[in-house]
Amino acid sequence: MSDERRKLIAGNWKMNGLVDTSVMEIKDLAARASKIDTPACDILICPPATLLREMARISLDSPVQIGGQDCHPNEKGAHTGDISAEMVKDAGGKFCIVGHSERRADHGESNETVRAKAEAAHRTGLIAIVCVGETLEERDAGKTLDVITDQVRNSLPAAATAANTVIAYEPVWAIGTGKTPTADDVKAVHAHIRKDLAGLMNDSGRVRLLYGGSVKGSNAAELMAVENVDGALVGGASLKAEDFWPIVNTCI
Ligand code: PGA
């Protein structure tokens, strides 16, 4: 079986976007993507839940796909303020980010919670983007690879496959800071994740491993060329189509 992996450039809008400006940006992005005959990579935007349906509607006939930023493990019930994987799918989502470091930190999400959310995504047919990454303190203590191993082993559902799961390596200290690890550092962590996955999944060679943390137009080509980097998870630089497009363009 070939280990050919189609790159995925994913935008995470986080808690940004009101209808007016977001409609403009998604139309702009969809128009740019639609001009490419057969895009060589997958293009994804994960807007806040309030915009899911509208963004999915607008991008429907374009190569741009839509995903959620989080989901509750349960299908429905008394969980005020949460949304389920079924709701993300119902609104037009195809993917769902789970275990982003902002949720792990702000909402105290453990690996077990993240795994339950990834299972929920799988239950409803969404591709789970499972995020892992070390803090600066952990990096400085030389614990990066141990932390990543622990997160990967314990956040992935037993039924994870290359078809239903993507892993995003996002060093916490690189998110929103303008700092990035060196290409060699990224290469080492991605190789480590690939090796760990071999013990967990039959099709580990085909799982897409994204890098995230201060990816922008000016550093995307270098990062996307790193061995075992199969795409990017982009925050700040995904909010405007004109900033996001140069990143997509490195893979298209
Ligand atoms: P950033 O965020 O690109 O703004 O650093 C990345 C992320 O949190 O996914």
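The values are calculated or read from the model by the stated rules, or taken from the named source; none is laboratory data. Quick caveat: nothing in here was measured; it's all calculated off a predicted structure. Positions of Cβ are generated from backbone atoms using ideal geometry, with glycine treated the same way; all protein chains shown enter the neighbour counts. Surface accessibility is based on the protein's heavy atoms, side chains included, excluding ligands, DNA and RNA. Shrake-Rupley method; radii C 1.70, N 1.55, O 1.52, S 1.80 Å.
Per-structure values
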| quantity | calculated |
| --- | --- |
| Dipole of the chain, positive direction: furthest Cα of C46, V132, V98, with charges on the beta-carbon | C46 |
| The chain: C-alpha gyration tensor shape, a/c 1.5 cut-off, then a/b vs b/c | rounded |
| The range 7-249: relative contact order as a whole-number percent, Cα under 8 Å and 6+ apart | 20 |
| Pairwise label distance in nanometres, A191 with L145, each label 7 Å out on the Cα-Cβ vector | 0.9 |
| Normalised contact order of the range 106-252, rounded percent, pairs of Cα under 8 Å and 6 or more residues apart | 22 |
| Eligible aspartates and glutamates near K179 by straight Cα distance, threshold 13 Å, same-chain separation 8 or greater | E170 |
| Partners for K117 among lysines (Cα-Cα distance below 22 Å; same-chain residues under 8 apart left out) | K14, K76, K89, K94 |
| Net lengthening on full extension, M24/T80 (0.36 nm per residue, minus Cα-Cα) | 17.1 nm |
| Accessible-area composition of the chain, carbon plus sulfur, in percent [1.4 Å probe] | 50 |
| For the range 130-158 versus the range 1-53, the gap between their alpha-carbon centres in whole angstrom | 27 |
| Peptides ranked, highest mean first, by Cβ atoms within 10 Å: ranges 53-66, 205-218, 172-185 | 205-218, 53-66, 172-185 |
| Sites A183 and K240, calculated FRET efficiency, Cβ-Cβ separation with R0 41 Å, nearest 0.05 | 0.95 |
